[in-house]
Each structure stands twice: as structure tokens, then as C-alpha cells.
Amino acid sequence: MLNPLWCKSFKLSGVRSKSLKGTYLLIIELTESREIEIGKLGVFFFPRGHYTYTGSAMGGVYRRVKRHLKREKKLRWHIDYFLEYGKIKKVVIFESKTKIECAVNQKIATVLGER
């Protein structure tokens with residue numbers, strides 16, 4: 001069962017433990033359509049709208065999400081390139097001892113009627 005442990009905008013004060021392991025979902029708004037270079041993958045066109053990103057942080061969700069929320073950072077993951085233009089509107093955290101990104105994404109697809 002996928003029950004979010006925590007769901008808020010921006011503040012991570014609701015996270016009980018800074019060493020919490022699990023999967024997180026970023027809901028991101030791109031306010032205008034644009035081409036974005038996504039590292040070595042190349043340049044892609046993204047229409048304005050809302051996007052979701054699902055990631056796991058078995059070394060600590062708090063640190064990972066806090067990093068994503070920073071505007072100034074070394075571009076390390078593909079999502080970092082997208083976040084140069086998109087704004088995180090909401091974060092959802094699922095506590096788990098294993099990576100459950102696929103299950104979270106399947107649930108999102110079902111809710112959106114894509115499955």
C-alpha cells in the first residue's frame with residue numbers, strides 16, 4: 001500500500017528523521033514551454049505544465065530532497081537540469097526500506113487514467 005508519510009510544499013520540518021529512507025515524488029511546475037538541455041542526453045522540448053519526478057534515497061530522503069530544493073547546486077542528475085527552469089510545488093515522501101519508484105509511477109499512471 002502506498003501511503004504517503006509526508007506531503008507538503010517546501011518545508012521539510014515534517015520529516016521525522018533526517019536519516020529516513022524511502023522514495024520521494026517531486027511535483028514540478030514549468031511555467032513556460034521551452035527547450036532544455038538535459039546533460040549528455042541532449043536538448044528536449046517541454047511544454048509548459050506540471051511534471052512529476054520519482055526518486056529513491058536509501059541514504060536519506062531528507063538530504064536528497066533538500067538538495068533538489070536548492071537553486072544553486074552542481075548539476076549531477078538529469079532532474080537537476082530540468083529544475084534549472086521548473087519549480088518544485090510539492091514533495092511527497094514514502095518511507096520504505098526498498099526502492100518503490102516503479103510502484104509509485106504505476107499508481108500515478110492509474111490515477112491519471114494512463115493504465
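Observations
- In range of the label at R48: residues from the stretch 73-93 whose backbone nitrogen is under 18 Å from the point 7 Å along Cα→Cβ: 83-89
- Volume per residue of the C-alpha convex hull in the stretch 42-115, rounded to whole Å³: 127 Å³
- Residues Y24, Y62, sorted so that the one with the fewest Cβ neighbours within 10 Å comes first: Y62, Y24
- Phi angles of the stretch 33-44 translate, via the Karplus equation with coefficients 6.51, -1.76, 1.60 and θ = phi - 60°, into HN-Hα couplings of 5, 6, 8, 10, 7, 9, x, 6, 5, x, 9, 10 Hz per residue; Gly and Pro are given as x.
- Too-long pairs where the Cα-Cα distance tops 20 Å, listed order kept, from K70/K90; K40/K74; K21/K66; K73/K99; K21/K74: K73/K99; K21/K74
- Residues S33, S56 arranged by fewest to most Cβ contacts within 10 Å: S33, S56
Bear in mind these aren't lab numbers, they're just calculated from the coordinates by the rules spelled out. Given the structure is predicted, the values throughout are model-derived calculations rather than measurements. Please note: Cβ atoms are built from the backbone with ideal geometry, for glycine as well, and neighbour counts cover all protein chains shown.
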